[in-house]
Amino acid sequence: MSEKTHKSALVVLPPDELCAPLQALRERHDRQAKRWMPHINLLYPFVPATRFAAAVERIAAQLAAVQPFEISLDEVCLFHHRGGAHTLWLAPQPAGPLVSLHDRLLRAFPHCDDNARVHGGYRPHLSIGQVQGRGRAEKLREQIAADWQPLRFAVGALVLIARGDPPQDRFRSVRRLPLGEPAAAAAQERPAQGRPAQRKPAQRKPAQGKSLMGKSAMGKSAPDKPTPGAPAGGRGKPRAGARPGSADPRPSSRPSAGPAPRGDGSRKRR
């Protein structure tokens with residue numbers, strides 16, 4: 001499994017409820033805001049879609065021994081590149097659990113080492129923009145840092161994401177891979193965040209021991225009123241055409257025993 005592509009990645013995604021302030025920054029400063037959701041890369045580029053099934057098994061085996069942990073996006077930082085280009089990013093703290101997770105995954109996918117080969121090695125980050133010129137970059141970093149409120153969240157799973165060719169080139173979540181679960185269970189098919197499994201609605205069942213003969217052939221219910229002339233507390237005259245001793249055809253007034261059907265839930269997902 002030595003192939004890799006820029007059309008897939010293995011990432012940490014912040015929860016949906018924390019994405020609004022991140023996306024607000026990215027829409028102002030990040031030219032990749034439409035292609036990528038807010039994310040922290042672990043392995044990128046990653047294996048092509050044709051290798052996902054085998055890759056998921058390897059990932060699950062590595063994640064089985066890793067327990068969920070919490071991080072906080074605290075500090076606004078800069079990467080300095082050649083030609084005066086700079087990248088604005090948020091530093092997850094503590095970085096140690098993410099670095100350990102990256103190193104563990106890299107042992108399973110040694111050819112996906114692009115993040116490890118940069119100067120200084122792998123550094124976890126969430127990119128929020130690009131800017132040209134050292135002075136402009138430093139000034140913008142200070143402005144964002146002055147108003148930034150740290151975002152804290154639990155990392156309980158990694159997400160495999162992928163994109164197609166233009167115009168279908170926005171990354172989407174493909175698989176959610178939980179931390180700390182047995183490999184066999186984690187590798188089973190499960191939807192990524194924002195793509196909930198379809199739940200089959202429960203069916204109503206008739207109450208046990210109750211008559212279901214209260215509906216006529218046209219679907220109308222038998223009347224609830226007592227037969228005219230019947231004595232109080234007694235049984236009235238039989239209905240026309242009814243055989244003597246036949247059961248009272250009126251339906252039970254109690255609700256059915258089965259639960260009401262429930263609709264599919266959905267969760268919004270970026």
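Remarks
- Hits in the stretch 33-55 (condition: surrounded by fewer than 21 Cβ atoms within 10 Å (Cβ to Cβ) and aliphatic (A, V, I, L, M)): ALA33, ALA49, ALA53, ALA54
- Within the stretch 39-53, none of the residues are more than 20 Å from ARG117 (Cα to Cα), free of Cβ contacts under 8 Å to residues at least 24 places away in the same chain and in contact with a helix residue (DSSP H, G or I) (Cβ under 6 Å, 6 or more places away or on another chain).
- The residue that is farthest from TYR122 (Cα to Cα), counting only those in the stretch 49-107 that are touching a Leu at 6+ places or on another chain (Cβ under 9 Å) and among the polar types (S, T, N, Q), is GLN67.
- One residue alone among ARG107, ARG134, ARG82 is over 24 Å from LYS34 (Cα atoms), touching a helix residue (DSSP H, G or I) at 6+ places or on another chain (Cβ under 7 Å) and surrounded by fewer than 16 Cβ atoms within 10 Å (Cβ to Cβ), and that residue is ARG134.
- Qualifying residue in the stretch 56-65 (condition: in contact (Cβ under 8 Å) with a residue 60 or more places away in the chain, under 28 Å from MET1 (Cα atoms) and among the acidic types (Asp, Glu)): yes
- Odd one out for SER173, checked against (1) at pLDDT 95 or above; (2) surrounded by 18 or more Cβ atoms within 10 Å (Cβ to Cβ); (3) in a loop (DSSP other than H, G, I, E, B): (3)
- Residue satisfying all of: in the stretch 9-32; of a type in the set (A, V, I, L, M) and more than 17 Å from LEU151 (Cβ to Cβ); surrounded by the fewest Cβ atoms within 10 Å (Cβ to Cβ) among these: ALA9
- Test: residue in the stretch 75-95 that is of a type in the set (Lys, Arg) and at pLDDT 95 or above: no
- Residue within the stretch 93-101 that is surrounded by fewer than 18 Cβ atoms within 10 Å (Cβ to Cβ) and closer than 23 Å to HIS6 by Cβ present: yes
- Candidates are the residues of the stretch 113-152 that are within 18 Å of ALA20 (Cα to Cα) and part of a loop (DSSP other than H, G, I, E, B); the one that is farthest from the chain's Cα centre (by Cα) is TRP148.
- Members of the stretch 42-94 that are under 16 Å from GLY129 (Cβ atoms) and within 21 Å of the chain's Cα centre (by Cα): LEU73
- Only one entry of LEU140, LEU212 meets the criterion of being at pLDDT 95 or above and among the aliphatic types (A, V, I, L, M), and that entry is LEU140.
- Hits in the stretch 57-66 - residues which are out of contact with any strand residue (DSSP E or B) (no Cβ under 6 Å at 6 or more places or on another chain) and among the β-branched types (Val, Ile, Thr): VAL66
- Here the stretch 186-206 is the region considered, the condition is being among the aliphatic types (A, V, I, L, M) and within 17 Å of the chain's Cα centre (by Cα), and the residue that is modelled with the lowest pLDDT is ALA197.
The values are calculated or read from the model by the stated rules, or taken from the named source; none is laboratory data. Just so it is clear, the structure is predicted and the values come from calculations on it, not from any experiment. Glycine also receives a Cβ, built like all others from the backbone with ideal geometry; neighbour counts cover every protein chain displayed.
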